[in-house]
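Some notes on the structure that comes next.
The values are calculated or read from the model by the stated rules, or taken from the named source; none is laboratory data. Predicted model, so just to flag it, every value in this text is computed and none were measured. Glycine also receives a Cβ, built like all others from the backbone with ideal geometry; neighbour counts cover every protein chain displayed.
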Amino acid sequence: MTDTQKTNLLGLSPEKLVAFFESIGEKKFRATQVMKWIHQKGAESFDEMTDVSKKLRAKLEGICEIRAPEIVTQNISTDGTRKWIIRTEGGNNNCVEAVLIPDGDRATLCVSSQVGCSLDCSFCSTGKQGFNRNLTAAEIIGQVWIAIKSFGPMDPNGPRRVTNVVMMGMGEPLMNFEPVVDAMTLMMHDNAYGLSKRRVTLSTSGVVPRIYDLVKRTDVSLAVSLHAPNNELRNELVPINKKYPIEELLAACQHYLDNLPDKRHITIEYTVMAGVNDQEEHARQLSKLLENLECKINLIPFNPFPHSGYDKPSNNQTRRFQKILADDGYTVTVRTTRGDDIDAACGQLVGDFMDKTRRSQKYIELRQVAE
Ligand code: SAH
Ligand code: SF4
């Protein structure tokens, strides 16, 4: 059997890992043991699993593997931000990025779900790249594994290296549903990474039917990329709005909140583009639009890239926009830039990496929403 035919245990959800062990005639509890070895102790080989019998280890060696995606580059910024370019299966052009942003006692990892994206939002460099392929669950959870391991051997009793995960790297997570759900389940599972559901956030541009599906499968926190307060403008910026307009998207958000076991809010992401969606009237319209939704608003100053056709708003304009909403009682945060010296970003770096010569802008902003 060649390696490529071996089952990669890294990406199996807890349920699938149990099913796998049962399918090879082994007891369920083996799945728990192996899951802890992989995700809590960072085991890369079956040899390390000392509480598993030698016989079973040899059997596993023959039919499965623990394989993380390959790291192309790792950069650590002077402010502690870490960034990886990761090669997924399928060669050189199949790279994605992950970024870890430390902030006091928390550290937020921004994870990618697809190479490229098919949804073609007008202001997004990932969208401009087109869609290349979906990541496997192993490639998604592998980003968490790689980030934690970059601090040295994994230690379940040591300090938490990743406290929050946001699915805000490359790709639209709801267009890669099963692998994303499997990976997020591992992020939150007690025998894997044990992150709080409040600290695992999926960001979507509004694939409405999948929001209804999502709440049946998981209870992660939800962020929605709105970017415009009316359908006319949103159709232009986020083309999937033509299929699922704002009213349907907000109804899906409300359904999501109503079906969670606890009280939560939706994070509304709003990328602010100078002269496009940053006027007073937009803020007022937005305030009205969201009046019945339990939400927090995160303003993201547009992050320029060559030939984007959009400009970054001035700080003053962003603050004015923020104030109108805050005066109406909303909690409004403005995303700040981090990791400038290593070009840390979500969604934009791989383009730079693949085509350095075309590059004119050097700074990129990090996405950070989770509490
Ligand atoms: N596809 C998902 C998640 C990835 S993008 C989504 O769209 O929600 C994460 C966030 O970054 C989204 O809110 C997206 O609209 C925003 N974004 C994309 N390109 C940007 C840019 N150039 N400047 C600022 N924000 C951007
Ligand atoms: Fe895809 Fe999100 Fe970029 Fe839109 S903003 S093109 S959904 S990655």
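Taking the conditions exactly as written (within 26 Å of residue 77 (Cα to Cα) and within 12 Å of ligand 2 (Cβ to nearest atom)), does residue 170 satisfy them or not? Walk me through how you get there before you give the answer.
Details: within 26 Å of residue 77 (Cα to Cα): yes; within 12 Å of ligand 2 (Cβ to nearest atom): yes.
In short, yes.
If you take the residues in the stretch 184-216 that are more than 16 Å from ligand 2 (Cβ to nearest atom) and either basic (Lys, Arg) or modelled with pLDDT under 95 (or both), which one is surrounded by the most Cβ atoms within 10 Å (Cβ to Cβ)? Break it down into steps so the answer makes sense when it comes.
Looking only at the stretch 184-216, we keep the residues that are more than 16 Å from ligand 2 (Cβ to nearest atom), and these are 184-200, 212-213, 215-216.
Filter once more, so that each one left must be either basic (Lys, Arg) or modelled with pLDDT under 95 (or both): 197-199, 216.
Numbers: 197: 17, 198: 15, 199: 19, 216: 8.
Top of the filtered list is 199.
Being at pLDDT 95 or above, outside any loop (DSSP other than H, G, I, E, B) and farther than 23 Å from residue 158 by Cα is the requirement here; does residue 26 meet it? Explain how you work it out, then say what you get.
Details: at pLDDT 95 or above: yes; outside any loop (DSSP other than H, G, I, E, B): no; farther than 23 Å from residue 158 by Cα: yes.
Criteria not met by residue 26.
Are any residues in the stretch 235-245 surrounded by 22 or more Cβ atoms within 10 Å (Cβ to Cβ) and assigned to a helix (DSSP H, G or I), and if so, which ones? Can you show your working first?
Kept after step one, since they are surrounded by 22 or more Cβ atoms within 10 Å (Cβ to Cβ), are these residues of the stretch 235-245: 238, 240-241.
The answer is 240, 241.
Give me the residue from the stretch 210-253 that is of a type in the set (Lys, Arg) and within 14 Å of ligand 1 (Cβ to nearest atom) and, out of that set, farthest from residue 272 (Cα to Cα). Walk me through it before giving the result.
Going residue by residue through the stretch 210-253, those that are of a type in the set (Lys, Arg) are 210, 216-217, 234, 242-243.
Filter once more, keeping what is within 14 Å of ligand 1 (Cβ to nearest atom): 210, 234.
On the way: 210: 26, 234: 13 Å.
Top of the filtered list is 210.
With in a helix (DSSP H, G or I) and either under 27 Å from residue 104 (Cβ atoms) or modelled with pLDDT of 95 or more (or both) as the only criterion, which of 59, 83 stands out?
Details: 83 fails: in a helix (DSSP H, G or I).
Going through 59, 83 in turn, the sole match is 59.
Would you say residue 168 is touching a strand residue (DSSP E or B) at 6+ places or on another chain (Cβ under 7 Å), within 19 Å of residue 10 (Cβ to Cβ) and not β-branched (Val, Ile, Thr)?
On the way: touching a strand residue (DSSP E or B) at 6+ places or on another chain (Cβ under 7 Å): yes; within 19 Å of residue 10 (Cβ to Cβ): no; not β-branched (Val, Ile, Thr): yes.
Judged against the criteria, residue 168 is not a match.
Can you tell me which residue among 157, 132 is of a type in the set (S, T, N, Q) and more than 20 Å from residue 305 (Cβ to Cβ)?
Details: 132 fails: more than 20 Å from residue 305 (Cβ to Cβ).
Exactly one of 157, 132 is of a type in the set (S, T, N, Q) and more than 20 Å from residue 305 (Cβ to Cβ), namely 157.
Name, by its number, the condition in (1) modelled with pLDDT under 95; (2) over 27 Å from residue 300 (Cα atoms) that does not hold for residue 126.
Failed condition: (2).
Considering only the stretch 258-371, give the helices (runs of 4 or more DSSP H) lying wholly within it that have at least 1 residues that are touching a strand residue (DSSP E or B) at 6+ places or on another chain (Cβ under 6 Å), within 13 Å of ligand 1 (Cβ to nearest atom) and at pLDDT below 95. Full working, then the answer.
Details: elements: 280-289, 315-327, 349-354.
Those helices (runs of 4 or more DSSP H) span 349-354.
Looking at the stretch 63-80, is at least one residue crowded, with 22+ Cβ neighbours inside 10 Å and assigned to a strand (DSSP E or B)?
Checking the stretch 63-80: not a single residue is crowded, with 22+ Cβ neighbours inside 10 Å and assigned to a strand (DSSP E or B).
Quick one: in the stretch 163-177, which of the residues that are within 13 Å of residue 211 (Cβ to Cβ) and out of contact with any Asp or Glu (no Cβ under 8 Å at 6 or more places or on another chain) is nearest to ligand 1 (Cβ to nearest atom)?
172
Looking at 140, 148, which is the one that is touching a residue at least 12 places away in the same chain (Cβ under 8 Å) and more than 14 Å from ligand 1 (Cβ to nearest atom)?
Working: 140 fails: more than 14 Å from ligand 1 (Cβ to nearest atom).
From the options 140, 148, the qualifying one is 148.
For the stretch 123-132, check the following and say yes or no: at least one residue is of a type in the set (A, V, I, L, M, F, W, C), within 16 Å of ligand 1 (Cβ to nearest atom) and closer than 30 Å to residue 25 by Cα.
Pass one, the stretch 123-132, residues of a type in the set (A, V, I, L, M, F, W, C): 123-124, 131.
Within this subset, residues satisfying the condition of being within 16 Å of ligand 1 (Cβ to nearest atom) are 123-124, 131.
When the remaining residues are screened for being closer than 30 Å to residue 25 by Cα, the result is none.
Checking the stretch 123-132: not a single residue is of a type in the set (A, V, I, L, M, F, W, C), within 16 Å of ligand 1 (Cβ to nearest atom) and closer than 30 Å to residue 25 by Cα.
Tell me, please, whether a residue that is in contact with a helix residue (DSSP H, G or I) (Cβ under 7 Å, 6 or more places away or on another chain), buried (at least 20 other Cβ atoms within 10 Å of the Cβ) and either under 18 Å from residue 204 (Cα atoms) or assigned by the TED database to the domain that holds residue 15 (or both) can be found in the stretch 141-161.
no
Mind checking which residues of the stretch 196-208 are farther than 15 Å from residue 257 by Cβ and more than 16 Å from ligand 1 (Cβ to nearest atom)? Let's see the steps before the verdict.
Our first condition is that a residue be farther than 15 Å from residue 257 by Cβ; within the stretch 196-208, this holds for 196, 199-200, 203, 205-207.
Of everything in the stretch 196-208, those that are farther than 15 Å from residue 257 by Cβ and more than 16 Å from ligand 1 (Cβ to nearest atom) turn out to be 196, 199.
Any chance the stretch 246-257 includes a residue that's part of a loop (DSSP other than H, G, I, E, B) and either crowded, with 16+ Cβ neighbours inside 10 Å or without any contact (Cβ under 8 Å) to a residue 40 or more places away in the chain (or both)?
Taking the stretch 246-257 and keeping what is part of a loop (DSSP other than H, G, I, E, B), we get none.
No, the stretch 246-257 has no match at all.
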